[in-house]
Amino acid sequence: MKTVYSLLHHEHAPEREFFRGNLVECFEKPDRALKILQEIRKRSLGEIVTLPAPTVESGNNNREEFVDSTTVIEPDADLLRLIKLVHKEAYISFVRTIFQEWRRVVPTQSYALPHTFNRLAKDRAEPASPYAKLGYYSFDTGTPITAGTWNAAIGSAWCAFKGKEIVRKEGMAFALCRPPGHHAHWDICGGYCFFNNAAIAAAAFRTHDPTATVAILDVDYHHGNGTQSIFYDRADVFFASIHGDPTHDYPYFLGYADETGGQNAPGQNANFPLPRGTTWDQYTRVLDAALEKIESQNPQYLIVSLGVDTFRGDAISKFLLESEDFRTYALTE
């Protein structure tokens, strides 16, 4: 199986995030992707297709050093069109420009974070202040934006798009997308996510073949609230998520079992919230139920939002899956 990887992810490397009342070192950092890449090579899991930055000479597509790009990446028209299918155009512009606006008012800080949110006047037009814009287009305080965030997010979306192309030709691919995407809504970032890569891949499949049936299975410990919100009232993509119970776990406000689809898409959404302390024996029964629902849709394409923070030793998650369980997992998939 081929792995698709973008050099641009290095450009998003914020120093701090606001986590549970404290300003801490970021959990989501370039090392996460590099460690995965290292293991893929170590275990000979297949070819790595490295996407070079458009502003970098691509003679050596296997290099992984930091890409010091001073140019804002211009996505090609096809990729931008796909992003616009799942994200509001004004929000896309926000991701592209907000850091430059922030630096004009806070010239000494290398990352931007919101400190107030738009819960009082939700129907108001986009505000002018960069402080207000950050809260207008964000749902948490843990998703810093830097000078390289736009480039990295475009590179991540590019991985999803290229992964789709490989799937169509070869049947399977792993898109190593960083920043991640499943928490990104139509017009809100959060949970380290800016563009929803799984949604972009689904849109790509549907654009290529409007009759194609697509399903998304999200197995991250945290509910894919962004993916659910994008497709909740759309009948063209089925979404299933197995995750920590939002009564106690981030992102808290979506992911309940009674969320089964909007008026135009009844039954097209399936949530499987599980309690803290869930073991593999408990998890696999729910996985079987989720796969049964997906199989009933007879999808032509299956997109898996793969999070392995269900592991027993994860720093901020509370399931108890062991390393061996993930090998079984792969066979199940």
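List of remarks:
- Selection of region 162-175 for residues being of a type outside the set (Lys, Arg), in a helix (DSSP H, G or I) and farther than 19 Å from residue 307 by Cα yields 165, 166, 167, 170.
- Single condition residue 312 does not satisfy, out of (1) touching a residue at least 24 places away in the same chain (Cβ under 8 Å); (2) charged (D, E, K, R); (3) surrounded by 14 or more Cβ atoms within 10 Å (Cβ to Cβ): (1)
- Among the conditions (1) buried (at least 19 other Cβ atoms within 10 Å of the Cβ); (2) out of contact with any His (no Cβ under 8 Å at 6 or more places or on another chain); (3) in a loop (DSSP other than H, G, I, E, B), residue 211 misses just one, which is (1).
- Boolean, residue 131 is touching a residue at least 12 places away in the same chain (Cβ under 8 Å), surrounded by fewer than 19 Cβ atoms within 10 Å (Cβ to Cβ), of a type in the set (Ser, Thr, Tyr) and touching a Ser or Thr at 6+ places or on another chain (Cβ under 8 Å): yes
- Residue match in region 38-45 (condition: at pLDDT 95 or above and touching a Ser or Thr at 6+ places or on another chain (Cβ under 9 Å)): yes
- When 157, 121 are checked against the criterion of being in a helix (DSSP H, G or I) and among the small types (Gly, Ala, Ser), a single residue qualifies: 157.
- Residue in region 156-174 that is surrounded by the most Cβ atoms within 10 Å (Cβ to Cβ), counting only those that are touching a helix residue (DSSP H, G or I) at 6+ places or on another chain (Cβ under 9 Å) and among the charged types (D, E, K, R): 164
- Qualifying residue in region 138-155 (condition: charged (D, E, K, R), touching a strand residue (DSSP E or B) at 6+ places or on another chain (Cβ under 7 Å) and surrounded by fewer than 24 Cβ atoms within 10 Å (Cβ to Cβ)): yes
- Pairing residues of region 1-22 that are outside the structural domain of residue 176 (by TED's automatic domain parsing) and under 27 Å from residue 73 (Cβ atoms) with residues that are surrounded by fewer than 16 Cβ atoms within 10 Å (Cβ to Cβ) and modelled with pLDDT of 95 or more, at Cβ distances under 8 Å and at least 6 apart in sequence or on separate chains, gives no pairs at all.
- Options 205, 231; residue that is in contact (Cβ under 8 Å) with a residue 12 or more places away in the chain and buried (at least 24 other Cβ atoms within 10 Å of the Cβ): 231
- Test: residue in region 216-223 that is in contact with a His (Cβ under 8 Å, 6 or more places away or on another chain), closer than 15 Å to residue 86 by Cα and of a type in the set (A, V, I, L, M): no
The values are calculated or read from the model by the stated rules, or taken from the named source; none is laboratory data. These numbers come from a predicted model, not from an experiment. With ideal geometry, Cβ positions are generated from the backbone for all residues, glycine too; neighbour counts draw on all protein chains shown.
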